[in-house]
Amino acid sequence: MKVCGFTIIRNAIKYDYPVVEAIRSILPVCDHFIVLVGDSEDETIDLIRAIDSPKVEIHRSVWDDNLREGGRVLAVETNKAFALIPEDYDWAFYIQSDEAVHEKYHPAILAAMQRWTQNPRVEGLLFKYLHFYGSYDYFGTSRKWYRNEIRIIKNDKSIYSYRDAQGFRKNGRKLNVVPIEATIYHYGWVKDPMVQARKYKDFNKLWHDDTFVSKITDEIYNYSNIDYLEKFKGNHPEVMLQRISQKNWKFNGEKLNSKSSLKDKLLYWFEKTTGIRPFEYRNFKIIHPD
């Protein structure tokens, strides 16, 4: 069994992406790793080179900034990176630049890939998600956060990144996937409030026109505009610990009040009580091949 990781990145320093930590978090379960570095305004390329691993192969790309519909440029770049994986690899492990995998999940991930490598019905592996918000001490629990997504796919080039690169499709349909006991730690909403504000405004350019973007004026991101959070009581991946120790802003999620509608509050209560999320969007099809 051979596994190749892959990711895309642009302006990692400008937007303070933990992309080095993301790559290192799954490097132990990968035989090779493709990093597609977009045209950046900073020294992102040197940051990736500093990983200094024989597994890491760096390529360059130029993003099409005219693709401003639904974040499609992210899927285009992800597909470019996926296409660079040689045919002799069985699995492709996709990690986004603001995600990480705890080392405690490595054995389960390797076991799942080994188990399903030769089964053609299994096209991908489904991860659970923790979405950290405001600080590394809180994570979102409401319906606005997706609970699962595909991060490992078969090295089948008829599979492609879908919409804004959140998930994958094959020949226009959802992938057949098997859930695994592993979690992606998502840190996309954990940044210095000034950096987060800059990233939020600039990344809206991937979804909206200039008129919409021009209305975003905050210089400091308002983290209080959120609904339900819980205190994180676990441990972060080892690769993240140094970054977490250098956090230089304060955030207290326990002081926030829910801004949800009555409908959302009822749905939230129902999910917390039953574990069931009504009307949940799933960009995948769970199968049980055994």
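So Ala165 passes all but one of these: (1) over 14 Å from Phe6 (Cα atoms); (2) outside any strand (DSSP E or B); (3) not charged (D, E, K, R). Which condition number does it fail? Here Ala165 meets the rest and fails (1). For the stretch 166-187, indicate whether the set of residues that are at pLDDT below 90 and surrounded by fewer than 20 Cβ atoms within 10 Å (Cβ to Cβ) is non-empty. For the stretch 166-187, residues at pLDDT below 90 and surrounded by fewer than 20 Cβ atoms within 10 Å (Cβ to Cβ): present. Trp91 fulfils the conditions (1) of a type outside the set (Lys, Arg); (2) within 19 Å of Ile8 (Cα to Cα); (3) in contact (Cβ under 8 Å) with a residue 60 or more places away in the chain; (4) surrounded by fewer than 19 Cβ atoms within 10 Å (Cβ to Cβ) except for a single criterion, (4).
Any chance the stretch 60-81 includes a residue that's in contact with an Asp or Glu (Cβ under 7 Å, 6 or more places away or on another chain) and closer than 25 Å to Leu241 by Cβ? No: zero hits. Pairing each residue of the stretch 100-128 that is surrounded by 16 or more Cβ atoms within 10 Å (Cβ to Cβ) with any residue that is in a helix (DSSP H, G or I) and of a type in the set (Gly, Ala, Ser), provided the two are 6+ apart or on different chains, yields C-beta distances under 7 Å for Ala100/Ala22; Ala100/Ser25; Val101/Ser25; Leu125/Ala112. Beta carbons closer than 7 Å, at least 6 apart along the sequence or on distinct chains, pair a first residue in the stretch 254-280 that is closer than 16 Å to Leu229 by Cα with a second that is surrounded by 10 or more Cβ atoms within 10 Å (Cβ to Cβ) and at pLDDT below 70 for Lys265/Ser258.
Conditions (1) under 24 Å from Tyr200 (Cα atoms); (2) among the charged types (D, E, K, R), marked per residue:
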position	(1), (2)
Asn222	yes, no
Asp227	yes, yes
Met240	yes, no
Asn248	yes, no
Leu262	no, no
Trp269	no, no
Thr274	no, no
Arg277	no, yes
Arg282	no, yes
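The values are calculated or read from the model by the stated rules, or taken from the named source; none is laboratory data. Treat the numbers as computed from the prediction; the structure is a model and nothing was measured. Don't worry about glycine lacking a Cβ; one is built from the backbone with ideal geometry, like all the others, and counts go over all protein chains shown.
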